[in-house]
Every structure is written in structure tokens, then in C-alpha cells.
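Single-structure report; data block below.
We did not get these values from a lab; they are worked out from the coordinates using the rules stated. The model shown is predicted, which means the values in this text are computed figures rather than measured ones.
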Amino acid sequence: MSYLDEPPPYRAGGLVGVGAYGVSRVFGLNLWLPVLLSLVAYFGLRRFRPVLSESYRYGLAILSGQALWMVVGVMFVPEALASVLIDIVASAALLIWAVWRASKASAYGVVAFEVISLGVNFLAFLEVPQLDSSNFALLVHMVMHVGVLIFVVHALLHGLVTHSADAGEMDEVFS
């Protein structure tokens, strides 16, 4: 059986795989590291905070992966700390708030942070004269900001962000 004789889902999977390979050749570690860290964060949230809706969990996992990516980047490029310190601290504070007390207020805080960060990253991207690895990192950051916005706004619009009284306390999750 040839590749073209395969059922459509297999063809689509193959095309996505080829596309992902091509994108990874261009973006390299700037793409795979945040994706892998987001996956780790997703499974951690799924294990330790199962009361969060899937949409909200996806958004928080992307935000976590992005923050962890910046921490790993600072470990290898310490001079970048000044440019990402505010992002790391704000992301960590919002994640703690959003995971500990899943509420509309924390979700709106995440949305506000993402909109501001997306704007700052977009302005920084416009000032870059040519594409290189740091520009690819900015582009991946912007895509991740959009991803967080999509999932968190979806959760807000569909009432999937629960208040902490409905979601249970962290003590109940760990008991």
C-alpha cells in the first residue's frame, strides 16, 4: 500500500510531521524547548490540579513552558537576565495565583499580562533588522502569547474558569 492509499488521517499526520520537521529545522531549540517544557507543565497540572478545565490548563501550561524556557535561557545566557526578569517574575506570580486559586480574576490577570507581553514582543520584533536566532525566539514567544490568550479567553468565555470554592483547595488535591 502506498502512502497515497492510506486513509486521510494518516496522510494528514504525515503532512503535519513533515511540516513540523521543516519548522523545527528553521527554529531549532527555540521551538522544541518551550514545546517540551509546556508538555511537562501540562502533565504536571493535569496530575496535581485535575479540577482545572482542559482549556484553562492548556493556557497555563503554555505560560509555564514559556516561563521555564526563559529560566533555562538565562542559565545559558546570563546577560539576558535583565531583559526577561520581569517576565519570569510576573509569569511565576500569575501561575501561582491561577493554579492555587482558579478564578476569573486570575484569568483576567493572565490575559492582561499576555496582551502587554505580546505588544512588547511585537514592538521588539519590528525593530530587528534581519532574521536570526534571537528573532526566531521572539517569534516563538509571540506565538506562545497568542496560544495562551486563545485558551484562557476560551475558558473565560465559556465559563470554564471556576472559582476556588468550586475548584477545591490545594490541600484536598494533595491528600
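A full extension of the chain between residue 93 and residue 126 corresponds to an added length of 9.0 nm, given 0.36 nm per residue minus the alpha carbon distance.
Potential lengthening of the chain between residue 115 and residue 85 amounts to 9.0 nm, from the contour at 0.36 nm per residue minus the alpha-carbon distance.
Take the alpha carbon atoms of segment 50-135, find their radius of gyration, then divide it by 2.2 N^0.38 Å using N residues; give the quotient. Don't skip to the answer; put the middle values down first.
Numbers: Rg = 14.3 Å, N = 86, 2.2 N^0.38 = 12.0 Å.
In units of the 2.2 N^0.38 Å rule of thumb, it is 1.20.
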